[in-house]
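Reviewing the structure listed below.
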Amino acid sequence: MWCLYGLKPGQTQALVATFDSEQQLRAYVQWATLSVLPDGSRSFEQKTPLTGYRGFTYDEQRDLTRDEIDLPHNPSPSML
């Protein structure tokens, strides 16, 4: 499983979604990105797990806590 984290300046990263593969995660981020600013920050589609974040990072599997189990798994544009 792959974990997608949203980034905001001055805050710790937040786990926002999980994916079965890195390819799915990267395709989703590409779709959800509206623009990339010169400073490298991004704006994302509304009503996505990345809404309100300025960047992202991802990592391979880790143990999820009980609160994180309800995160979107393999979100897609059709889920909007």
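If I take R0 = 30 Å and measure r between the Cβ atoms of E45 and T12 in this structure, what FRET efficiency does the formula 1/(1 + (r/R0)^6) give, to the nearest 0.05?
Efficiency, rounded to the nearest 0.05: 0.80.
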Over the chain: helical MRE at 222 nm, DSSP H runs n ≥ 4 each giving -39500 (n - 2.57), nearest 500: -4000 deg cm²/dmol
Exposed trypsin sites (Lys or Arg not before Pro) absent - longest run of the chain, DSSP non-H/G/I/E/B, at most 13 other C-beta within 10 Å: 1-46
Degrees, to the nearest 10: 22-32 long Cα axis against longest axis of the chain: 40
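Could you give the length gained by full extension between L34 and N74, i.e. 0.36 nm per residue of separation minus their alpha carbon distance, to one decimal place? Please list the in-between numbers first.
Details: separation 40, 0.36 × 40 = 14.40 nm, distance 1.92 nm.
Roughly 12.5 nm would be gained on extension.
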Kirkwood-Stokes translational diffusion coefficient of the range 2-59, alpha-carbon pairs, 37 °C, 0.692 mPa s, µm²/s: 288
Only Lys, Arg (+1) and Asp, Glu (-1) charged, at Cβ; the chain dipole about Cα centre in debye: 300
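Just so you know, all these numbers are worked out from the coordinates, no wet-lab data involved. Since this is a predicted model, take the numbers as computed values, not measurements. Every residue, glycine as well, gets a Cβ built from its backbone with ideal geometry; the counts of neighbours run over all protein chains shown.
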